[in-house]
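*Asks:* Mind looking over this structure? Questions follow.
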Amino acid sequence: MKTNQFMELALEEARAAGARGEVPIGAVVVLDGTVIASSGNRTRELNDITAHAEVAAIRMACEALGQERLTGADLYVTLEPCTMCAAAISFARIRRLYYGAEDPKGGGVDSGVRFYAQPTCHHAPEVYSGMSEVQAAEILRAFFQGKRD
């Protein structure tokens, strides 16, 4: 699948996160074709293990809109969300989730626990995987290669 403007912004957020020494993952919240919020990982910067790109972007979007739910909003993220982020996406009532690279080890959407397939999940977004997958995976690969060198 090719890149669209929102996933390109998520990739930019991922690159910026990597430049800050964070694991390079980026997320963008879009409502009615307008970017409401975007963020990269900020766990090290904020000393907060919950400051994943998705959670940070969701928090920013909720604050910007003055509401706790993001009904009708779409989320673009460079890596398959972990279980914590999948839950936050569900609780925020995100309409559609677009993600780039799969995360067989830590993903919680199509890998691992498959959060949205669980009977205890109250809201499951439409999920579209593989958008800009090659670019997203390369950003991560280069970051971790740099850590090993």
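*Asks:* Of (1) at pLDDT 95 or above; (2) more than 19 Å from residue 36 (Cα to Cα); (3) among the hydrophobic types (A, V, I, L, M, F, W, C); (4) not in a loop (DSSP other than H, G, I, E, B), residue 124 satisfies all except one. Which?
*Replies:* Just one mismatch for residue 124, condition (4).
*Asks:* Scan 80, 22, 45 and give me the residue that is under 20 Å from residue 105 (Cα atoms), touching a Lys or Arg at 6+ places or on another chain (Cβ under 7 Å) and touching a residue at least 12 places away in the same chain (Cβ under 8 Å). Full working, then the answer.
*Replies:* On the way: 80 fails: touching a Lys or Arg at 6+ places or on another chain (Cβ under 7 Å); 45 fails: under 20 Å from residue 105 (Cα atoms).
Of the residues listed, the single one that is under 20 Å from residue 105 (Cα atoms), touching a Lys or Arg at 6+ places or on another chain (Cβ under 7 Å) and touching a residue at least 12 places away in the same chain (Cβ under 8 Å) is 22.
*Asks:* Scan segment 114-147 for residues that are aliphatic (A, V, I, L, M) and loosely packed, with under 14 Cβ neighbours inside 10 Å and jot them down.
*Replies:* We begin by selecting, within segment 114-147, every residue aliphatic (A, V, I, L, M); these are 117, 124, 127, 131, 134, 136-137, 139-140, 142.
Of everything in segment 114-147, those that are aliphatic (A, V, I, L, M) and loosely packed, with under 14 Cβ neighbours inside 10 Å turn out to be 117, 134, 142.
*Asks:* Only one residue in 116, 99 is free of Cβ contacts under 8 Å to residues at least 40 places away in the same chain and touching a strand residue (DSSP E or B) at 6+ places or on another chain (Cβ under 6 Å). Which one? So that I can check it myself, show each step before the final result.
*Replies:* On the way: 116 fails: touching a strand residue (DSSP E or B) at 6+ places or on another chain (Cβ under 6 Å).
Answer to the check: 99.
*Asks:* Please enumerate the residues belonging to segment 46-103 that are more than 18 Å from residue 13 (Cα to Cα), assigned to a helix (DSSP H, G or I) and either of a type outside the set (D, E, K, R) or open to solvent by less than 50 Å² (accessible area, probe 1.4 Å) (or both).
*Replies:* Once the filter is applied, which keeps residues that are more than 18 Å from residue 13 (Cα to Cα), assigned to a helix (DSSP H, G or I) and either of a type outside the set (D, E, K, R) or open to solvent by less than 50 Å² (accessible area, probe 1.4 Å) (or both), segment 46-103 yields 62, 64, 65, 83, 84, 86, 87, 88, 89, 90, 91.
*Asks:* Here is a follow-up. Would you mention how many residues in segment 1-35 are hydrophobic (A, V, I, L, M, F, W, C), crowded, with 16+ Cβ neighbours inside 10 Å and within 17 Å of residue 101 (Cβ to Cβ)?
*Replies:* Going through segment 1-35 one residue at a time, the tally reaches 11.
The values are calculated or read from the model by the stated rules, or taken from the named source; none is laboratory data. Just so it is clear, the structure is predicted and the values come from calculations on it, not from any experiment. No Cβ is skipped: glycine too gets one built from the backbone with ideal geometry, and neighbour counts run over all protein chains shown. All accessible areas refer to the heavy atoms of the entire protein, side chains included, with ligands and DNA or RNA removed. Shrake-Rupley method; radii C 1.70, N 1.55, O 1.52, S 1.80 Å.
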